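Following: one structure in structure tokens, then a few remarks.
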Amino acid sequence: MNNETRAPGTLALSRKKGLWREAWVRMRRNRSSIVGMVIMGIIIFFALFANFFADYETVVVRIDMANRLAGPSAEHIFGTDELGRDLFARIIYGARISLSIGFLAELAALVLGMLFGAVSGYYGGRIDNGIMRVMDVFMAIPSLLLSIAMVTAFGTGSFVLIMAIAISGIPSLSRVVRAQVMSVKEQEYVEAARALGANDLIIVLKYIIPNIMSPIIVQVALDVAGCIMTVSSLSYLGLGVPPPAPEWGAILSTGQTYIRDAWNITVFPGLMIVVTIIALNLVGDGLRDALDPKMKR
């Protein structure tokens, strides 16, 4: 009896596992997404193991005015900045800051967006209207402007940056989650779990959320690129991580003063931002195609 009543949920989960396997096969066939994953893998590798390539104190603290504004060479492959610090080392340390803040901000937005979206889509009615009207207010404010306002109000720092960027990303994620929950909550396996006496929390966490992750993962992959761009933009405006932390946008902002004398100070950090955004978008596009049922062949 128990096996029969649990069959709908079990079948749904097993079917979902099969869909994930098929999606991974299609993902591997997508050359552009593989290129994006390889590029991101290289960037993350250098960010994680930056200590093996350069000492942080030497990169951030030590000043070598004798080598200031040096061009690319065998000793400094990206050249040096206005204080004689190795630009390649500062960029790979900057990857730590940009990527960590971007990913943590998106993670915070994902948790809160899933919470608000799941509650709104599952219960509907006045709860849905109330939550969605608040989300509409935040969506009416450009994300960068909202982040600037929060950083200006609460000060600079990694935590403030993460929360400012996360709050601006919650509305879009909550809407995606809400739409998916509303389409799934009336499915047979959800009704079966409800008939067995499962409470709302168990139903949402065990039966609804695992079956709506495909569009959420795609949305997150695409939003991470926007988060990293926002981090760099705030740092470029002087509202990001305080100096001397080597963040890509801050390096770019400082380097624009010397662009005529030392092109490398602006080109290389700017190139890193562009390459990272493109790579993340390639991965996001690949995930969207792989997880889209219409793309099955």
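No value in this document is a laboratory result; all are computed from the given coordinates. These numbers come from a predicted model, not from an experiment. Glycine gets a Cβ as well: all are built from the backbone with ideal geometry, and neighbour counts include every protein chain shown.
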Karplus-derived HN-Hα couplings along the range 73-90 (A = 6.51, B = -1.76, C = 1.60, θ = phi - 60°), whole Hz, x at Gly and Pro = 8, 5, 7, 10, 5, 9, x, 10, 8, 5, 10, x, 8, 5, 6, 4, 5, 5
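Do the sum for the chain: with -39,500 (n - 2.57) for every DSSP H run of n ≥ 4, divided by all residues, what is the mean residue ellipticity at 222 nm, to the nearest 500 deg cm²/dmol? Can you show the working numbers first?
Details: 11 runs with 210 residues, N = 297.
Here the helix-only value at 222 nm equals -24000 deg cm²/dmol.
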To two decimal places, what compactness ratio does the range 86-237 give when its Cα radius of gyration is scaled by 2.2 N^0.38 Å?
-> 1.21
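Evaluate the relative contact order of the range 193-297 (contact order divided by residue number), counting alpha-carbon pairs under 8 angstrom at least 6 apart; express in whole percent.
On the way: 78 pairs, mean separation 29.7, N = 105.
Answer for the range 193-297 is 28 percent.
Determine the relative contact order of the chain: mean sequence separation of Cα pairs under 8 Å and six or more apart, normalised by residue count, in whole percent.
Here the relative contact order equals 27 percent.
Return the inverse of the average 1/r over all pairs of distinct C-alpha atoms in the range 80-162, which is the Kirkwood hydrodynamic radius, in Å to one decimal. Intermediate values should be presented prior to the final figure.
Values: mean 1/r = 0.0641 Å⁻¹.
About 15.6 Å for the range 80-162.
Could you grab the Rg to Rh ratio for the chain? Cα atoms only, Kirkwood for Rh. Could you put the intermediate results ahead of the total?
Values: Rg = 22.9 Å, Rh = 21.4 Å.
Rounded to two decimals, Rg over Rh is 1.07.
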Volume per residue of the C-alpha convex hull in the range 168-225, rounded to whole Å³ = 73 Å³
How far apart, in nm, are the 7 Å Cα→Cβ label points at Thr58 and Val38?
-> 3.1 nm
Residues Arg260, Arg29, Arg288 arranged by fewest to most Cβ contacts within 10 Å = Arg260, Arg29, Arg288
Cα centre as origin, Lys/Arg/Asp/Glu Cβ charges: the chain dipole, Debye = 1100 debye
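Let me know the charge dipole size of the range 125-269 about its Cα centre in debye, to the nearest 20, where only the beta-carbon of Lys, Arg (+1) and Asp, Glu (-1) is charged. Don't jump to the answer; show the numbers that get you there.
On the way: 8 positive and 9 negative charges, 29 e Å.
I would put it at about 140 debye.
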Got a sec? Charge dipole of the chain, +1 on Cβ for Lys and Arg, -1 for Asp and Glu; which of Val119, Ala225, Ala89 is way out at the positive end?
-> Val119
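Could you order the peptides 65-72, 206-213 from most to least packed, using the average number of other C-beta atoms within 10 Å per residue?
Working: 65-72: 14.1, 206-213: 18.9.
My ranking of the peptides, most packed first, is 206-213, 65-72.
Report the local net charge at Arg62: Lys and Arg +1, Asp and Glu -1, summed over other residues whose C-beta lies under 13 Å from its C-beta.
On the way: positive: Arg68, Arg85, Arg90; negative: Asp55, Glu57, Asp64, Asp81, Asp86.
With Lys, Arg at +1 and Asp, Glu at -1, the net is -2.
Under the √(5λ) rule applied to the eigenvalues of the Cα gyration tensor, what semi-axes describe the equivalent ellipsoid of the range 147-297? Give them in Å, descending.
Working: eigenvalues 340, 79, 16 Å².
One finds semi-axes of 41, 20, 9 Å for the range 147-297.
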